[in-house]
Amino acid sequence: MAELATIARPYAEALFKASSSDLAGTGAWLDNVAAIAGSPELLQFADNPKATPEQVLGVVAAAHGSPLPPHANNFLMALLENGRFTALPEIARQFRVLASAQSGTSDAVVYSAFPIDGAALGNISAALEKRFGRKLQFTVQQDPSLIGGIRVVVGDEVLDTSVKARLEQMKVALAAA
C-alpha cells in the first residue's frame, strides 16, 4: 500500500498545482473517474496489452457520462501511457487531502452503531469541530459492531467513545489486576 501511495503522490501534487484555480471542479471529475477506475473489469481492460490508451480513455469518458475537460483527458492519458492507471483512486484520495488542507478543512468519518439523524449529526459536528479545531466534512458509516456510541476518524486521529472500546478498556484493566 505504501508503494501505491508513493507512486500516487507526485501525480496528485502535480494535478493539485495545475488546477489550483478550480479545485472543486477538478475534485468532482477526479472523484467520479477514480470510482470508475476502481472497477476490476476496467482495470483488466487497461492492463490488456492489446488495448490502447485511447481506447481505455474512451471507455472512461463514456462511463463518466459527460465530456471530460481537456486537462482531465491529458492527465488520464499520462497515467495510461506511464502504466499508472491503477493508482488513480489513491491519486484522488491524496488530491482531496491536499485540497482540504488548503481550504482549512478535514475529512471526518463517523462510525455509529445506529443511523444518525440530521439534528444529532449537527450536534456531533459542532462538538467535533470544536474538539479538533477545524472545519470538518463528515461521512457517516454504520458499524453495528460498536454496540453503541460513535468512533470518529479525522486523518490519523481517532476519537472512540463506543461501547465496544469501553468494554475493551475494561477487559484490559481487569486482566492487569
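The values are calculated or read from the model by the stated rules, or taken from the named source; none is laboratory data. Here the structure is a predicted model, which means the values were calculated and not measured. Here the Cβ is made from the backbone with ideal geometry for all residues, glycine too, and neighbour counts use every protein chain on show. These area figures cover heavy atoms from the full protein model, side chains too; ligands, DNA and RNA do not enter into them. Shrake-Rupley method; radii C 1.70, N 1.55, O 1.52, S 1.80 Å.
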Simple spin-label estimate for LYS130/LEU174, 7 Å along Cα→Cβ, in nm, reads 3.5 nm
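Provide SER21, SER145, SER112 ordered by accessible surface of protein heavy atoms (probe 1.4 Å), highest first. Can you show the working numbers first?
Working: SER21 115, SER145 55, SER112 10 Å².
Largest accessible area first, the residues go SER21, SER145, SER112.
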Return the long-range amide H neighbours of GLN137 (sequence gap of 5 or more, or a different chain), with a cut-off of under 5 Å between placed amide H atoms.
SER106, ASP107, ALA108
Could you quote the convex hull projected area for segment 68-161, Cα atoms only and averaged over all directions, in nm²?
8.2 nm²
Just to be sure I understand: with springs between alpha-carbon atoms less than 10 Å apart, which residue in LYS164, LYS17, LYS50 has the highest mean-square fluctuation in the Gaussian network model of the chain?
LYS50
Whole Å is fine, so just give me how far the alpha carbon centre of segment 1-54 lies from that of segment 126-177.
32 Å
Choice from GLY122, GLY27, GLY104 with maximal GNM fluctuation in the chain (Cα, 10 Å cutoff)
GLY122
Which percent, nearest 5, of DSSP beta bridges in segment 68-177 are antiparallel?
55 percent
Assigning unit charges at the beta carbon (Lys, Arg +1; Asp, Glu -1) and nothing else, what dipole magnitude in debye, to the nearest 20, does segment 66-168 show about its Cα centre?
200 debye
Estimated vicinal HN-Hα couplings, Hz - segment 75-88 in sequence order (Karplus 6.51, -1.76, 1.60; Gly, Pro = x)
5, 5, 5, 4, 4, 5, 5, 9, x, 10, 4, 5, 7, 4
Across ASP22, ASP117, ASP47, the residue with the highest GNM fluctuation in the chain (Cα network, 10 Å cutoff) is ASP117
Charged-residue dipole, Cβ positions (Lys, Arg, Asp, Glu), the chain about Cα centre, Debye nearest 20:
480 debye
Pairs of Cα atoms under 8 Å, at least six residues apart: use those to get the relative contact order of the chain, whole percent.
21 percent
J(HN,Hα) series, segment 163-177, from Karplus relation 6.51 cos²θ - 1.76 cosθ + 1.60, nearest Hz, glycine and proline x
5, 4, 5, 5, 5, 5, 4, 5, 4, 5, 5, 6, 5, 6, 7
Which shape class, rounded, prolate or oblate, goes with segment 104-155 when its Cα gyration tensor gives a ≥ b ≥ c as root eigenvalues, a/c under 1.5 marks rounded, and past that a/b bigger than b/c marks prolate?
prolate
In order through segment 142-157: 3J(HN,Hα) via Karplus (6.51 cos²θ - 1.76 cosθ + 1.60), integer Hz, x for Gly, Pro
8, 9, x, 5, 6, 6, x, x, 9, 10, 10, 10, 10, x, 9, 9
Given backbone amide H placed at 1.01 Å from N, residues whose amide H is under 5 Å from that of ILE150, ignoring those fewer than 5 places away on the same chain, are THR161, SER162
Dipole of the chain [Lys/Arg +1, Asp/Glu -1 at C-beta], most positive-end residue of ALA92, PRO144, ALA126
ALA126
Ignoring ligands, DNA and RNA, what percent of the 1.4 Å accessible area of the chain is carbon and sulfur?
58 percent
Listed candidates (1) 64, 35, 29; (2) 52, 50, 32; (3) 64, 41, 27 - label of the one calculated as Cα extents along the principal axes in Å
(1)
Kirkwood-based Rg over Rh for segment 25-118 (C-alpha set), two decimals?
1.06
Distance in nm between pseudo-label sites at ASN123 and GLN44 (7 Å out along the Cβ direction from Cα):
4.9 nm
